[in-house]
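The values are calculated or read from the model by the stated rules, or taken from the named source; none is laboratory data. This one's a predicted model, so the numbers in the text were calculated from it and none came from an experiment. Note: ideal-geometry Cβ built from the backbone for every residue, glycine included; neighbour counts use all protein chains shown.
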Amino acid sequence: MSLATRCTACGTVFRVVQDQLKVSEGWVRCGRCDEVFNALEGLFDLERDAPPEWRPPTPPPSAPIPVAAAPATPSFQPLPEPPDDDDIFQLSEDDRIHSRFFHPEQQDVAQTPAQGVAQRDRVDFSDAQFNMDLLESEVHGGAPPPAPPRKSKPTAKPAAKSTKPSSKPAARPSPPRPAAPGFVREARQRERWRSPWVRGLLSLLTLALLAGLAGQAALHFRDTVAAQWPETKPWLAMACQQWHCEIGAPRRIDDLVVESSALAPANGGAAYKLSVVLRNRSALALAMPSIDLSLSDPSGQLVARRALAPSDFHVATPVVAAGAESSLQLLLATDGRRVSGYTVEIFYP
């Protein structure tokens, strides 16, 4: 059995449960208009019965002015009072049965009757304009408002013409021009950078920077540049006079190798003769390197160590020709120390 009831105020039909009606003694609150009514009065079975007829409540007629009469003993009949709010069962929208099944039903109640009447009678004129002159004429009895009295200007005699020129009025400062929008300023800036004279100036500046970078690189690698391109040597010499530098043979330690070396006693064992042969594997003439010589005794202990410059070998030109060999010889005195081993390494200081 499926029970339902109808609100006495708005006519909405809700499903109800018998246990809930027992708890609240039949009093429920409408989920649409918040009206408290006794659900037992309009209770019916959805499967067997038709919903009770609903009529909108009519406002009570205006009561006539009472005429004084003899007091009579009034008879009071106690009316059932609804319980407290805590005992009233609240009907929700989930229990509501749609109006397409039961008619009539009041339209959806989203506001109070007073709010509905105020919204119905409300008229908005957002673009209304009032004629103030017409209002003033109504205030003055329908006649137009009196014009203010004009002040009579005193007549003056014409002044004699002055021989001095009249001074011109000071020029008013022109109002500041409004700033252009951001996108307009950006477009003007892009157009300015794309102009021919700006592009030409930037191109000249780029070429000047590239030329300066190339000159700096040529000055830094001046030895290799002068050996690779001999025609640039006069220009590099002029630049070195300005920057106080020198031009020499290139230094490439990886292209030089010790082809052979020997250390033999000389002068009856009082000295030793060092012979070193260097080979240049490069296609350019390279500067002669220095030699790091280490002498050791039979036990492997270091006896002496010395760095020998090209000037110690008394060579005429400290340069190793391209693809050639250079032989170096030097006589060493050991002060009577016995030398049984040595090592030779080349380096550029």
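Here is how the numbers come out for the structure above:
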item: Number of positions in the range 312-343 that are within 16 Å of SER260 (Cβ to Cβ) and out of contact with any Leu (no Cβ under 6 Å at 6 or more places or on another chain); result: 6
item: Some residue of the range 262-284 being modelled with pLDDT of 90 or more, aromatic (Phe, Trp, Tyr), part of a strand (DSSP E or B) and more than 30 Å from ARG222 (Cβ to Cβ); result: no
item: Any hit, the range 298-311, residues being assigned to a loop (DSSP other than H, G, I, E, B), in contact (Cβ under 8 Å) with a residue 24 or more places away in the chain, in contact with a Phe, Trp or Tyr (Cβ under 6 Å, 6 or more places away or on another chain) and over 16 Å from THR334 (Cβ atoms); result: no
item: Residues satisfying the stated conditions in the range 315-349, i.e. aliphatic (A, V, I, L, M) and part of a loop (DSSP other than H, G, I, E, B); result: VAL315, ALA316, ALA321, ALA322, ALA324, VAL339
item: Residue in the range 287-301 that is under 60 Å from the mean Cα position of the chain (by Cα) and modelled with pLDDT of 90 or more present; result: yes
item: Positions within the range 193-233 being in a helix (DSSP H, G or I), of a type in the set (D, E, K, R) and surrounded by fewer than 10 Cβ atoms within 10 Å (Cβ to Cβ), in sequence order; result: GLU231
